[in-house]
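Encoded as structure tokens, the structure appears first; notes follow it.
The values are calculated or read from the model by the stated rules, or taken from the named source; none is laboratory data. These figures come from a predicted structure and were not determined experimentally. We place every Cβ from the backbone using ideal geometry, glycine too, and count neighbours over all the protein chains shown.
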């Protein structure tokens, strides 16, 4: 509902919240979550229907990760023009808030992050790069011990984030940004 107002109004509200959130990661996470929800509000029903219809995928997390990585190499991104101008404004504001604080995305639902951030955006690339570093055990901060223990990612935070990206950006690419009338 907040994003149905003109941009200058919702930006004022969020800037006040952001000022109040200084020094509080929890409050900042709530603002980021609001922005992510704003990015998908018009497509919500269609996306939830798709997400709940995908129950089993025979591909391993490594195979899903590989498909995401290949898609990035092919530069097969959804065109920005397919996203409404309101969603683009929200995404732009979100990128500003997350500048230097990408770790905030790891505090939120992997499904929400996967569905809200379009694959053509720089924010997606930064997020995927962090997942890649975690997946390969190259990150200074580890989300799981799979790589260190010599195990494949199966039921850890990395696997969950890869699966969500795979479901929405590979399996559901036909609905990701085309269903703006939902």
- Message: Quick test of your reading of the structure: residue 24 fulfils all but one of (1) farther than 18 Å from residue 88 by Cα; (2) at pLDDT below 80; (3) in contact with a helix residue (DSSP H, G or I) (Cβ under 7 Å, 6 or more places away or on another chain). Name the failing condition by number.
- Response: (3)
- Query: Can you pull out the residues in the range 11-26 that are without any contact (Cβ under 8 Å) to a residue 12 or more places away in the chain, within 22 Å of the chain's Cα centre (by Cα) and part of a helix (DSSP H, G or I)?
  - Reply: 15, 21, 26
- Message: Is it the case, given these coordinates, that residue 168 is crowded, with 20+ Cβ neighbours inside 10 Å, at pLDDT 75 or above and in contact with a helix residue (DSSP H, G or I) (Cβ under 7 Å, 6 or more places away or on another chain)?
- Response: yes
- Message: Please pick out the residue among 46, 39 that is part of a helix (DSSP H, G or I), farther than 25 Å from residue 103 by Cα, touching a helix residue (DSSP H, G or I) at 6+ places or on another chain (Cβ under 7 Å) and at pLDDT below 85.
- Response: 46
